[in-house]
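The values are calculated or read from the model by the stated rules, or taken from the named source; none is laboratory data. Predicted, not measured: the structure shown is a model, and the values here were computed from it. Because the Cβ atoms are built from the backbone with ideal geometry, glycine has one as well, and the counts that use them run over all protein chains shown.
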């Protein structure tokens, strides 16, 4: 009997990914910092004003710090959604004497207008209620309530969320990755899932999904890649990489680096330290940019490769399947990817290596 009850309770749980402990802790810390900083600044700006901070910001902090990738958590939603809800709430409070009718209508209209402007933000429903039930101090503000505390609180909390998420390496606000070279689908989409396929399916959905079309596309595409990988025998990175790697030293003079570029006729080279550990990459265009600013006194200190190289490098391990590299070569137009083992550069996989390997796999396919 008890086991049956547990099974029934499990049906009520959402199909939601539980993040690792560290990530959950960081979400909580982010909300703590965001609410504390925005609250203190609001209090400093508004002084003794009774409604210097409003409760819906607690709900907004859940979205901004715990599910920052969701469409309902984006800056447009919190700013526009809260503005609409504040305006509707104040208007209903002014013209409808019965409070129950006022806040019920305010929330209903706010939902309709937010969905119409693609600015749905769940905590905004509480903003509309606060405008009606906030008491005399809120009612005395009239439409000023929209600007303070609503917009003041929203902007401050949003600013902290942007800084905090960026410091953690998260992309916030979310930016859709589209094919910037043309209006056509990206190369991977042409042979798998295309944007219009997702749109056609979503058009038949009558429920709002808390996930963007791009994120849905990305998840489906990655899942399809994994399924495809099971269907064919895989090469590993160590099978196709070039071990005789041409590289630069981080201590090389920039003029020396330019000479090497001329000699090998490559557009980009990996950079290693004295222990042969990969520390960055240097592209020819970065050398060109250096020459452009060489006359600037502020750039006179730059004369070594390590001072102008890019330290953020995408790398792979020798035992990784080459299917992992496809998105970088196809979607992001990489020329090569370094292969590292214990941080040491052990090989390079070029676009030509990938094409040859893929051609071989195509020939094997019956």
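Looking only at region 257-266, how many residues end up being part of a helix (DSSP H, G or I) and either touching a residue at least 40 places away in the same chain (Cβ under 8 Å) or closer than 26 Å to residue 341 by Cα (or both)? Write out each step before concluding.
The initial filter retains those residues of region 257-266 that are part of a helix (DSSP H, G or I), namely 257-264.
This time we only want the ones that are either touching a residue at least 40 places away in the same chain (Cβ under 8 Å) or closer than 26 Å to residue 341 by Cα (or both), so: 257, 260-261, 264.
Counting residues in region 257-266 that are part of a helix (DSSP H, G or I) and either touching a residue at least 40 places away in the same chain (Cβ under 8 Å) or closer than 26 Å to residue 341 by Cα (or both) gives 4.
Condition check for residue 331 on (1) surrounded by 13 or more Cβ atoms within 10 Å (Cβ to Cβ); (2) within 15 Å of residue 241 (Cβ to Cβ): one failure, at (2).
Looking across region 47-57 at every residue that is in contact (Cβ under 8 Å) with a residue 60 or more places away in the chain and surrounded by fewer than 16 Cβ atoms within 10 Å (Cβ to Cβ), the one that is nearest to residue 208 (Cα to Cα) is identified as 55.
With respect to residue 180, determine if the residue is modelled with pLDDT under 90, within 20 Å of the chain's Cα centre (by Cα) and loosely packed, with under 11 Cβ neighbours inside 10 Å.
On the way: modelled with pLDDT under 90: yes; within 20 Å of the chain's Cα centre (by Cα): yes; loosely packed, with under 11 Cβ neighbours inside 10 Å: yes.
Criteria met by residue 180.
Which of the residues that make up region 229-255 are more than 25 Å from residue 326 (Cβ to Cβ), at pLDDT 90 or above and surrounded by fewer than 16 Cβ atoms within 10 Å (Cβ to Cβ)? Answer for region 229-255, where residues must be more than 25 Å from residue 326 (Cβ to Cβ), at pLDDT 90 or above and surrounded by fewer than 16 Cβ atoms within 10 Å (Cβ to Cβ): 251, 253. Cβ-Cβ contacts under 9 Å between residues 6 or more apart (or on different chains), taken from a first residue in region 26-39 that is at positive phi to a second residue that is in a helix (DSSP H, G or I), are absent.
Every residue in region 290-316 that is at pLDDT below 80 and either in contact with a helix residue (DSSP H, G or I) (Cβ under 8 Å, 6 or more places away or on another chain) or under 16 Å from residue 252 (Cβ atoms) (or both), please.
So the first thing to find is which residues in region 290-316 are at pLDDT below 80, and the list is 293-302.
Within region 290-316, 293, 299, 301, 302 meet the criteria.
The single residue among 319, 269, 325, 278 that is within 30 Å of residue 225 (Cβ to Cβ), in a loop (DSSP other than H, G, I, E, B) and in contact with a strand residue (DSSP E or B) (Cβ under 8 Å, 6 or more places away or on another chain) turns out to be 319. Of the residues making up region 13-32, at least one is touching a helix residue (DSSP H, G or I) at 6+ places or on another chain (Cβ under 7 Å) and over 22 Å from residue 215 (Cα atoms). Say whether the condition of being without any contact (Cβ under 8 Å) to a residue 40 or more places away in the chain, assigned by TED's automatic domain parsing to the domain that holds residue 75 and closer than 21 Å to residue 49 by Cα is met by at least one residue in region 107-117. No, every residue in region 107-117 fails to be without any contact (Cβ under 8 Å) to a residue 40 or more places away in the chain, assigned by TED's automatic domain parsing to the domain that holds residue 75 and closer than 21 Å to residue 49 by Cα. Could you check region 115-143 and list, in sequence order, the residues that are touching a helix residue (DSSP H, G or I) at 6+ places or on another chain (Cβ under 9 Å), part of a helix (DSSP H, G or I) and farther than 15 Å from residue 59 by Cα? Across region 115-143, the qualifying residues are 131, 132, 133, 138, 139, 141. So, residue 286, is that one buried (at least 16 other Cβ atoms within 10 Å of the Cβ) and either at positive phi or out of contact with any strand residue (DSSP E or B) (no Cβ under 6 Å at 6 or more places or on another chain) (or both) or not? Criteria met by residue 286.
Could you check region 203-216 and list, in sequence order, the residues that are modelled with pLDDT under 75 and assigned to a helix (DSSP H, G or I)? Hits for region 203-216 are 213, 214. For residue 106, the conditions (1) buried (at least 21 other Cβ atoms within 10 Å of the Cβ); (2) assigned to a loop (DSSP other than H, G, I, E, B) are fulfilled apart from (2).
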